[in-house]
Each structure stands twice: as C-alpha cells, then as structure tokens.
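*Asks:* Take this structure first; my questions come after.
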C-alpha cells in the first residue's frame, strides 16, 4: 500500500514553494533530511567533484515500496502531511514533497529502495524530468539515492558553480550542521577532493558529536544548560566568552531538531552572553530549542531555515534569560542574577534587582585665608607658597585647585589617592609587613585562564 500521496492543489498552493536546488550542498541537505525522517540509524554520504559529478546517499531507513518509489519524484508528493492542519503541526524535517522532483529536473537521478519486510527491492531512473522506468532488483533494506551530472541540462546554472574544493566545503558545512542534533545516528562522509572518509559514530552523549564537529578543545570547556517553561524547552552547550570568534560559523541554533538561521535566535544568544564577549564577535555554542509545532511556522522559505514564532518576545526572553543565568552562575558565581530574571524580558529590568556603584567621599576644601592646617599644625599662608602648593579650592568635586610658585596647579583627586595607596603598599612591601585581613566567609573565584 502506498503511503506517499500527491497533495491536493489547494494544499500545495499554501506551501512556500520555490527553487530547492541552488548548488550541490542543497541536494545533500534535502536528501539527508529525508534519510533522517525515514528513521535511519546509519547514513553514508559520498561526493565527487564537489558534488557536481556525483552525490550518493545510502541509509537503512524504512525504505519505499514500488508504488511509493514511482510517486516520490512527483511534485508535492509526500507522506508527511495530508491536510492543511498538518502544515501547522510539522514534526519532520521535510514536508513539502519538492526535493526529489526538483533534483530530478536538473540532474540524472537513480533511486533504489527496499522495505525491511520484503525480499525484493525496486529501482527507478529519471533524467531531467523524464521518467526512464522502474525495475525489480536485489538490494539491502533502506534507500540508495544517486545524483549525477547536476545541472547537465541547465548550463546557465552550472557555470555559476564554484570550484570543486569550494563546493565540497559548502557540503561539509551543511552536513555538519544537520548531523549535530542526531548523535544517535551514525554518519559517514566520503569525499574525493578531501581524499578521506569521516566517520561520526553513534553515541548517547551529545557532547561527543559536538566535539567531533566543533573540536574537542572547545567542547571540553562548554557549560551545559537545560531549562523548560511549559511546553518550551532548551538544551544548550555554551563556550566561554574568551573563545568568541569574529565569525558566527560556530554558533549553531536549532528548533525542533532543524538547523535554522534566524535573527531572533541569534540576537537572543548574543543578548544572553551580553558583555562577556567582545563587540562584533560571536560565541561558540550549540543551542537546541524545542517548541510546540503550533507555536512556530516553518513554512516561510523553501530552504526551511527561516521561521516565525507566534510569541517572538517571550521566546527571546526565554533563550536570552536562560543563557545569561547559566553563564552568571557557572562562570561568574559572584555575580549570579536573581531567580526572577527568567520572568522578565531582557529589555525589562527586574523589580528586585539592585545596582550599586563605587563612590568617593568629597573632601572639604576651603579657600586659603592667612593660615593652612597641615598634619594638625597651623602654618602661616605667607611664605608657604614658596615651598609647597597651597590648596585654594575644589572643582566639580574631582580636581583640587592649588596655588604654586609657577601659577595654578590642578590635582586629580582619584589619581592622587591611588598614588598614596601605591606608596603605602611600597613602604609595607619594603618593610615586609603588609597588613592582611581574612574574609569572614571565603569567596570562591573562578578564573577563565
């Protein structure tokens, strides 16, 4: 029985349609998402010439029957949504039914697939939208898709592709961003340009996958975060602020297992880090957000990397507040914010949050009138100016105005006070008698380096 159906016209018209295939990395993205949705536990990707000559993806997912295999290359043919209501409760990575038909229209496509409970499989071939037939074959359970000669029939698109190494780098970037939320799946990437095979073993520990993608050194320093509020939850792995980079290439944001490039989420992460990173830099972190499908619209752009939140303001506060609270408690324990922080948007100051600032007592300076009192002794004003400056007033509570032999002298009170303390410490150090006082309650300080 076929589980893939062609969507009715009224439903297909509601889907954000468009060109799915822009370059080889677009093909890898769409096929990888299909393999993950199929429940595969082992997925292999093989590319040649930056994906321009060949892209092959093999998985051990549920597979497809003969009827499904024929239907899967039709436009808007999918098993993931059946009605308009399903469009607003999407829980899979793919749902539009456009990927295979778009790929088949600009490349030579071969698909082999077999259900786990059948002994025979089937294969189809399509070249530039032309269906070449279906046949019965022997093959392992799962699906094997091979895409050859991308844009062979669209030379205007093909000439805009970059070199093999550049296209390979794009594929690797997309590949690593997709596999991060799925450490339970084993992934293999083989590239002729890199002349290597990268194996990402399955693991129950997400940090193992993060270390394989971002690097062990960064992963070991990350602080983990798990918070929830109602049906919303967030798991994040936050790198230290001093490891921030000028580029956002190691800032990974996910919504319901889907990698997205959303300005709201990015701004929320940066707000959470706040002053802990240099302006113009981006932290190295991985943020997984889970939200009810009804609270978010993923049907915004064909690439499915842009979303809309029903309550963007609350989502912003939830993410930024959780990150700020975790960093304050774990990296800077002395400056942990109050628990009420999570109840407020980052733009709203919590009512019970108090600020304090250092201040200095203003010294009282009186104009000189006949005598000056220095160290408890009264010194006549006349003749004193020839030796030491005479205080005649104060300006804005910051500068001391003095009369000296050469004219008016301004002394910065703060700098003078620092110099007095410095000279006092020097004298104590020379005499080996630096005064100390123990804390009543020891204060723990964690240094970042």
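Any read-out appearing in this document is the output of simple, stated calculations on the displayed coordinates, not a laboratory observation. Every value quoted in this text rests on a predicted model; they were computed, and no experiment measured them. No Cβ is skipped: glycine too gets one built from the backbone with ideal geometry, and neighbour counts run over all protein chains shown.
*Asks:* Could you work out how much longer the chain between residue 312 and residue 130 gets when fully extended? Use 0.36 nm per residue separation minus the Cα distance between them, nm to one decimal. Can you show the working numbers first?
*Replies:* On the way: separation 182, 0.36 × 182 = 65.52 nm, distance 4.45 nm.
Net length gain for the segment: 61.1 nm.
*Asks:* On to the next question. Relative contact order for the range 5-202: what is it in percent, counting Cα pairs under 8 Å that are at least 6 residues apart? Write out the running numbers ahead of the final one.
*Replies:* Working: 409 pairs, mean separation 53.3, N = 198.
Reported relative contact order: 27 percent.
*Asks:* Something else now. Would you mind telling me the antiparallel percentage of the DSSP bridges in the range 5-202, rounded to 5? Don't skip to the end; give the middle numbers.
*Replies:* Details: 39 of 45 bridges.
Beta bridges within the range 5-202, antiparallel portion: roughly 85 percent.
*Asks:* To make sure I understand, if each residue's beta carbon is the centre and we count other beta carbons within 10 Å, what order do 234, 315 fall in, fewest to most?
*Replies:* Working: 234 19, 315 22.
So the residues, fewest neighbours to most, are 234, 315.
*Asks:* In whole Å, how far is the Cα centre of the range 252-328 from that of the range 171-244?
*Replies:* 17 Å
*Asks:* Quick check on the range 5-202: take the gyration tensor over C-alpha atoms, sort the square-rooted eigenvalues as a ≥ b ≥ c, and tell me if it's rounded (a/c under 1.5), prolate or oblate. The partial results should precede the final answer.
*Replies:* Details: a/c = 1.31, a/b = 1.17, b/c = 1.12.
Here the range 5-202 falls in the rounded category.
*Asks:* Quick one: 168, 436, 221, 326, fewest Cβ neighbours within 10 Å first, how do they rank?
*Replies:* On the way: 168 23, 436 4, 221 15, 326 19.
Placing the least packed residue first, the sequence is 436, 221, 326, 168.
*Asks:* Still on this structure, I have one more. Using the alpha-carbon centroid of each, what span in Å lies between the range 145-166 and the range 393-449?
*Replies:* Using only Cα atoms, the two centres lie 69 Å from each other.
*Asks:* Specify whether the C-alpha gyration tensor of the range 121-171 places it in the rounded, prolate or oblate class, a ≥ b ≥ c being the square roots of the eigenvalues: rounded for a/c under 1.5, otherwise prolate if a/b is larger than b/c and oblate if not. Provide the component values of the computation, followed by the final result.
*Replies:* Working: a/c = 5.35, a/b = 1.70, b/c = 3.14.
Judged from the Cα gyration tensor, the range 121-171 comes out oblate (a/c at least 1.5, b/c at or above a/b).
*Asks:* If I stretch the segment between residue 198 and residue 247 completely, what's the gain in nm (0.36 nm per residue apart, minus their alpha carbon distance), one decimal? Numbers along the way, then the final one.
*Replies:* On the way: separation 49, 0.36 × 49 = 17.64 nm, distance 2.45 nm.
Here the answer is 15.2 nm.
*Asks:* Just to be sure I understand the model, the point goes 7 Å from the Cα along the line to the Cβ. What's the resulting residue 165 to residue 152 distance in nm?
*Replies:* It is 2.8 nm.
*Asks:* Follow-up. Give me 169, 68 ranked fewest to most by other Cβ atoms within 10 Å of their Cβ, as a rough exposure proxy. Before the final figure, lay out each step's value.
*Replies:* Details: 169 17, 68 20.
If I rank by nearby Cβ atoms, fewest first, I get 169, 68.
*Asks:* Run the numbers on the range 128-280 and let me know its relative contact order in percent, using alpha-carbon pairs under 8 Å that are six or more apart.
*Replies:* 13 percent
*Asks:* Let me ask something additional. Obtain the nm distance between the two label points defined at residue 440 and residue 267 by a simple spin-label model: each point lies 7 Å from its Cα along the Cα-to-C-beta direction.
*Replies:* 4.5 nm
*Asks:* Between residue 229 and residue 216, with labels modelled 7 Å along Cα→Cβ, what's the label distance in nm to one decimal, could you check?
*Replies:* 3.8 nm
*Asks:* Something else: Rounded, prolate or oblate for the range 155-272? Axes are the square roots of the Cα gyration tensor eigenvalues, ordered a ≥ b ≥ c, and the cut-off for rounded is a/c under 1.5.
*Replies:* prolate
*Asks:* Pulled fully out, how much extra length does the chain show between residue 404 and residue 417, if you take 0.36 nm times their separation in residues and subtract their Cα-Cα distance?
*Replies:* Working: separation 13, 0.36 × 13 = 4.68 nm, distance 2.00 nm.
Contour length minus Cα-Cα distance gives 2.7 nm.
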